[in-house]
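Working notes, structure below.
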Amino acid sequence: MRELNIRNFRDVSGYKNKYGEIMKENMIFRGASLDAISFDDAQYMEEELGIRYILDYRDEQEANLAKDIVFPHAQYLRIEALQLKEHKDEGFDFGNMLQGKMTPHKLQFLIQYIQEGYKTMAFDNPAYHQLFKLLLQNDGHVYFHCSAGKDRTGISALLIMFALGMSEEDAIEEYLLSNQYLKEFVDDFYKEHHVPKMLRKYSDPLLLVQKENIMLTIDSIKEKYQDYDEFLEKEYGLDEEKRRLLRLIYCE
């Protein structure tokens, strides 16, 4: 796969589930916004990677700040994934938020804000309903994203892996990979905005991913349901037959 100008872009594959099946390559893709790629890259994503659906988790105002490129053929759908009743216009785009004046009070608010999102987003989320609908259609590969491809995108990737019977440990590992993929971007961001090293550790929880955040999602699910199968069926209509179909499509 050639390098694309997309933050945190990757193919979610190679994990083995409890049935001994392995996630196929070049089927499920995740990452950040598609505003910086070339038309040639868009053609490559369609023709070489087979991508037919682009699912954008940002709200309208957030998406307009960095509009995805128009693809030749792939269908673009935007469904807001952030389920907080009161949320900021930037969604979870903390890069934009941190460019303004940062105070301890604002920093604490943003950390609490992201934690509340992790507690609520996994439940009856219209964006994730649409994701599973696309995955079940099996007529094209799916690319799903938010601004940085780490939080809203990270939770949905976790749910996909649970639906495919992957282990909790592997799902968390896939989530944490964002720190590797975003390291260069975050380092450049700190240099560009002259963020002192002593302050970077306070900003890291906003620009990178934290295991304790995804555990908020996992613990919230476990508080409500006896297992992930019950959760997926009650929240997203993924009964045993639909989960089996997903494995037939995306595992081998």
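The values are calculated or read from the model by the stated rules, or taken from the named source; none is laboratory data. Source: prediction; values computed, not measured. Don't worry about glycine lacking a Cβ; one is built from the backbone with ideal geometry, like all the others, and counts go over all protein chains shown.
Of note:
- Test: residue in the stretch 129-149 that is under 24 Å from Gln75 (Cβ atoms), out of contact with any Lys or Arg (no Cβ under 9 Å at 6 or more places or on another chain), buried (at least 16 other Cβ atoms within 10 Å of the Cβ) and not aliphatic (A, V, I, L, M): yes
- Every residue from the stretch 199-212 that is surrounded by 14 or more Cβ atoms within 10 Å (Cβ to Cβ) and either farther than 30 Å from Asp187 by Cβ or without any contact (Cβ under 8 Å) to a residue 12 or more places away in the chain (or both): Arg200, Gln210
- Looking at Leu206, Leu134, just one residue is farther than 15 Å from Asp11 by Cα, at pLDDT below 95 and more than 13 Å from the chain's Cα centre (by Cα), and that residue is Leu206.
- Residue in the stretch 144-163 that is among the aliphatic types (A, V, I, L, M) and under 11 Å from Gly31 (Cα atoms) present: yes
- Take the conditions (1) at pLDDT below 95; (2) of a type outside the set (A, V, I, L, M); (3) on the phi > 0 side of the Ramachandran plot; Asp139 misses just one of them, which is (3).
- Subset of the stretch 213-252 (residues that are of a type in the set (Ser, Thr, Tyr) and buried (at least 19 other Cβ atoms within 10 Å of the Cβ)): Thr217, Tyr228, Tyr236, Tyr250
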